[in-house]
Amino acid sequence: MKATIRDADVTHRRVFVRVDYNVPIKDGQITDDTRIRASLPTLEDLIQRGAKLILASHLGRPKGAADPAYSLAPVAAHLSRLLRRPVAFPGRVVGPELAEFAQRMQPGEVLLLENVRFHPGETRNDPELARSWADLAELYVSDAFGTAHRAHASTVGVAEHLPAYAGYLMDKEITVLSRVLTAPQRPFVAVIGGAKIKDKIGVIERLLQKVDVLLLGGGLANTFLAAKGFDVGASLYEPDNVDVARRLLEQAELQGTKLLLPVDVVTAPAPEPDAPREIVDISSIPDGSQALDIGPKTVEQYRRELLSARLILWNGPMGVFEVPPFAEGTYAVARAVADSEAESVIGGGDSLAAIEGAGLAHRISHLSTGGGATLEFLEGKILPGVAVLQDRA
Ligand code: ADP
Ligand code: MG
């Protein structure tokens with residue numbers, strides 16, 4: 001158990017808070033402020049308790065130098081509206097001006113640093129940069145689960161110099177994902193999809209030891225189908241990973257874990273909206289055709305498993321859901337997850353986009369903000385940005 005801000009005495013203290021404000025911005029406008037809103041419980045609590053907040057985040061991938069396209073200025077303005085109080089934004093990452101500003105801060109004041117990736121030392125976890133940030137504050141708080149898998153100066157370096165606590169968002173991610181791995185309600189059903197096995201081998205391997213049922217779909221299922229001897233035509237598949245898929249199928253069998261693969265698929269010559277579609281059994285994928293979604297028989301099987309689950313973990317879409325004719329399998333699984341009485345946990349950038357596209361996000365118990373961090377956590381890797389937080393006394 002990690003110590004949270006509940007355990008910390010923050011009153012009149014300067015607190016360096018690593019948030020995740022890596023939000024989509026188009027023409028200076030924030031198009032989705034979910035991540036900013038998600039930080040509010042932590043910020044509001046700290047403000048109410050009289051802390052002085054120094055906020056830090058990255059935005060996009062500027063190349064270690066100031067780039068106006070990636071400035072956090074629009075975020076400062078938006079955050080100020082959400083908090084209904086001024087958010088100071090000097091437009092700097094480090095420097096004496098910030099140090100002076102921090103010294104003069106009053107309880108409840110909020111300061112947002114400029115994009116930490118404008119400094120080349122951020123991604124290198126430069127000790128000097130970390131030290132200067134630590135000198136600004138007396139405590140460190142992380143609410144940026146999404147970057148906790150990276151050992152950067154703002155996620156790890158600065159935290160090594162200060163008493164470090166989890167914010168509420170960070171705490172919720174750790175608590176929910178740990179419970180999924182260590183004390184799952186049963187039946188525990190996992191759905192794994194997405195493009196490539198390569199990205200998901202670790203998670204599939206780990207989940208095979210934990211779940212009662214594993215449902216596979218999306219591009220990665222094709223490599224499993226190939227490993228079982230089916231001809232997948234022109235589908236996305238990874239010849240180099242057929243052996244890995246075979247090994248995972250054997251592992252499931254040895255452990256007696258129920259592993260289901262698609263029995264039918266939606267095929268087309270290409271993932272294009274007006275391409276001629278055909279629903280076929282997996283034994284008759286036409287030459288030159290690609291499997292781009294799971295078929296209706298598969299949907300029915302998967303739905304049955306999901307409805308009888310008590311815990312569902314889902315990562316990765318069942319098909320090329322960005323192209324509407326191939327979104328049906330993913331949306332049907334989304335409906336089944338929502339309709340099930342199970343506790344539901346969904347992670348992954350595209351998976352969250354899919355559940356939102358289906359209009360069902362509000363019916364999911366936990367939407368994990370992590371992407372790569374969520375996958376690594378589920379694989380059992382130690383995330384450096386979590387490890388650096390102090391344990392609960
Ligand atoms: P997440 O971001 O949720 O972890 P991934 O990034 O692993 O998910 O996978 C999402 C991508 O997988 C989407 O771009 C989707 O189009 C692609 N995909 C899913 N099924 C297929 C398929 N059958 N063929 C090709 N691409 C697929
Ligand atoms: Mg993705």
*Going by the conditions given, is Ala195 buried (at least 19 other Cβ atoms within 10 Å of the Cβ) and either of a type in the set (Gly, Ala, Ser) or under 30 Å from Asp243 (Cβ atoms) (or both)?*
no
*Filter region 54-68 for residues that are free of Cβ contacts under 8 Å to residues at least 60 places away in the same chain and farther than 18 Å from Thr123 by Cβ and give the result.*
Leu55, Pro68
*Of all the residues that make up region 172-198, how many are in a loop (DSSP other than H, G, I, E, B), within 12 Å of ligand 1 (Cβ to nearest atom) and closer than 27 Å to Glu300 by Cα?*
5
*asked:* Against the condition at negative phi and within 23 Å of the chain's Cα centre (by Cα), how does Leu306 come out, does it pass?
replied: yes
*Take the residues in region 229-243 that are touching a helix residue (DSSP H, G or I) at 6+ places or on another chain (Cβ under 6 Å) and in a helix (DSSP H, G or I), then tell me which one is farthest from Lys200 (Cα to Cα).*
Val242
_With the structure loaded, tell me whether Gly219 is modelled with pLDDT of 95 or more, closer than 21 Å to Ile312 by Cα and open to solvent by 10 Å² or more (accessible area, probe 1.4 Å) or whether it fails that test._
yes
*asked:* Given the options Asp350, Asp339, name the one that is surrounded by fewer than 24 Cβ atoms within 10 Å (Cβ to Cβ) and at pLDDT below 95.
replied: Asp350
*Please give the number of the condition Gln255 fails out of (1) open to solvent by less than 70 Å² (accessible area, probe 1.4 Å); (2) more than 19 Å from Val333 (Cβ to Cβ).*
(1)
*Can you find a residue in region 31-41 that is under 22 Å from Val156 (Cα atoms) and open to solvent by 70 Å² or more (accessible area, probe 1.4 Å)?*
yes
*Under 8 Å between Cβ atoms, at least 6 apart or on separate chains: pull out the pairs that start in region 367-380 with a residue that is in contact (Cβ under 8 Å) with a residue 40 or more places away in the chain and within 13 Å of Asp199 (Cβ to Cβ) and end on any residue that is more than 12 Å from ligand 1 (Cβ to nearest atom) and among the aromatic types (Phe, Trp, Tyr).*
Thr374/Phe145
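Condition check ((1) at pLDDT 95 or above; (2) in a helix (DSSP H, G or I); (3) loosely packed, with under 15 Cβ neighbours inside 10 Å; (4) more than 26 Å from the chain's Cα centre (by Cα)) across all residues:
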residue	(1), (2), (3), (4)
Leu53	yes, no, no, no
Leu59	yes, no, no, no
Gly64	no, no, yes, no
Val75	yes, yes, no, no
Leu79	yes, yes, no, no
Leu82	yes, yes, no, no
Pro86	yes, no, yes, yes
Val93	yes, no, no, no
Leu98	yes, yes, no, yes
*Go through region 23-50 and give me each residue that's among the polar types (S, T, N, Q) and either outside the structural domain of Val110 (by TED's automatic domain parsing) or at pLDDT 95 or above (or both).*
Ser39, Thr42, Gln48
*Could we say that Leu360 is within 16 Å of ligand 2 (Cβ to nearest atom), open to solvent by 10 Å² or more (accessible area, probe 1.4 Å) and either of a type in the set (Phe, Trp, Tyr) or assigned by TED's automatic domain parsing to the domain that holds Pro273 (or both) here?*
no
_What's the total number of residues in region 154-185 that are open to solvent by 30 Å² or more (accessible area, probe 1.4 Å), touching a strand residue (DSSP E or B) at 6+ places or on another chain (Cβ under 7 Å) and farther than 30 Å from Asn115 by Cβ?_
1
*Of the residues Glu305, Glu250, Glu300, which single one is modelled with pLDDT of 95 or more, surrounded by 15 or more Cβ atoms within 10 Å (Cβ to Cβ), among the acidic types (Asp, Glu) and in a helix (DSSP H, G or I)?*
Glu305
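The values are calculated or read from the model by the stated rules, or taken from the named source; none is laboratory data. This is a predicted model, so every value here is computed, not measured. Counting neighbours? That spans all protein chains shown, and the Cβs are built from the backbone with ideal geometry, glycine included. Keep in mind that these areas ignore ligands, DNA and RNA; they rest on the heavy atoms of the full protein, side chains included. Shrake-Rupley method; radii C 1.70, N 1.55, O 1.52, S 1.80 Å.
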